[in-house]
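These notes concern the structure reproduced below.
The values are calculated or read from the model by the stated rules, or taken from the named source; none is laboratory data. Being a predicted model, the structure only gives us computed values, none of them experimental. Neighbour counts run over all protein chains shown; Cβ positions are idealised from the backbone, glycine included. Just so you know, the surface numbers come from the protein's heavy atoms only, side chains and all, with ligands and any DNA or RNA stripped out. Shrake-Rupley method; radii C 1.70, N 1.55, O 1.52, S 1.80 Å.
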Amino acid sequence: PKLKGLSLARNKLFGQFDFKPFINSIKVNHTIVILALDNIQMPPEMIVALFDALRYNKTLNKLGLSDNPIQASGRDMLFKLLKENRTLTTLDVSREETRS
């Protein structure tokens, strides 16, 4: 069986280890269609890296990012993601705290 969904919601591990290997794996993943990263307080550079990686992902169709702060650089990358990624159909950024 292949992993179809991954939830790391409310997980505080991203402050304790390097997130780059995780982001790189999302970029090339061909099985996960649902990714929940709600309320994990991702650092701004992780959000930018995630959005950049998802521009190349061709399988993810649902992404949960509620309760995560998204700064201007993250918003810019999100707009690029939405223009280029044709598989993402559901995006939850509710309750995100916008910072400039």
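Quick notes
- Placing a label point 7 Å from the Cα of Lys80 along the Cα-to-Cβ direction, the residues of region 39-66 whose backbone N falls under 15 Å of that point are 45-57.
- On the chain, 55 percent of the accessible area sits on carbon and sulfur atoms, based on a 1.4 Å probe.
- For the chain, the solvent-accessible area of protein heavy atoms averages 58 Å² per residue (probe radius 1.4 Å; ligands and nucleic acids excluded).
- What you get for the chain, charging only the Cβ of Lys and Arg (+1) and of Asp and Glu (-1), is a dipole of about 380 debye around the Cα centre.
- Working note: Karplus 6.51/-1.76/1.60 with θ = phi - 60° gives region 77-82 the couplings 5, 4, 4, 5, 4, 5 Hz, where Gly and Pro are set to x.
- Computed over the chain, the convex hull of the alpha-carbon atoms projects to a mean area of 5.8 nm².
- Prolate/oblate/rounded call for region 1-58, Cα gyration tensor, a/c under 1.5 rounded: oblate
- FRET efficiency estimate (nearest 0.05) - Cβ-Cβ, Asn11 to Val33, R0 22 angstrom: 0.70
- Proximity of backbone amide H atoms, modeled 1.01 Å from N, is registered between Leu6 and Ile34, Leu35, Ala36 at under 5 Å, excluding neighbours fewer than 5 places apart on the same chain.
- When only Cα pairs below 8 angstrom with a gap of at least 6 residues are kept, the chain shows a relative contact order of 28 percent.
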